[in-house]
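Just below is one structure, and these are the notes that go with it.
The values are calculated or read from the model by the stated rules, or taken from the named source; none is laboratory data. Small disclaimer: the values here were computed from a predicted structure and weren't measured. Note: ideal-geometry Cβ built from the backbone for every residue, glycine included; neighbour counts use all protein chains shown. In case anyone asks, the SASA skips ligands and DNA or RNA and just uses the protein heavy atoms, side chains included. Shrake-Rupley method; radii C 1.70, N 1.55, O 1.52, S 1.80 Å.
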Amino acid sequence: MIVRAMKVEDHDVLVQTEVIETFKDESQFSSTFTKEIYQASRAGLINGRSSGNFDPLAQSTRAETSVILYRVLNK
């Protein structure tokens, strides 16, 4: 949702050409959201887990959600 909202506000933030590492668990991503996950990663909104996984099926904590919102509001 945040990536889609940011496309409206600041499309250039999400269209960077930097090559980023892929997440180890990319095979678990929904094909519908793979592009948005990597756009959010390139924009610096998300980093994934320290293990190199994104962990798409895990519940996010309030702290994780707060960090993402903070990053969005300060872009």
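Summary of computed values
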quantity	calculated
Test set (1) farther than 13 Å from Glu26 by Cβ; (2) open to solvent by less than 40 Å² (accessible area, probe 1.4 Å); (3) at pLDDT 85 or above - Ser41 fails condition number	(1)
Residues within region 44-64 that are on the phi > 0 side of the Ramachandran plot and loosely packed, with under 14 Cβ neighbours inside 10 Å, tallied	2
Every residue from region 16-60 that is closer than 16 Å to Ile2 by Cβ and of a type in the set (Val, Ile, Thr)	Thr32, Thr34, Ile37, Ile46
Flag if Arg71 is out of contact with any Gly (no Cβ under 7 Å at 6 or more places or on another chain), under 17 Å from Met1 (Cα atoms) and of a type in the set (D, E, K, R)	no
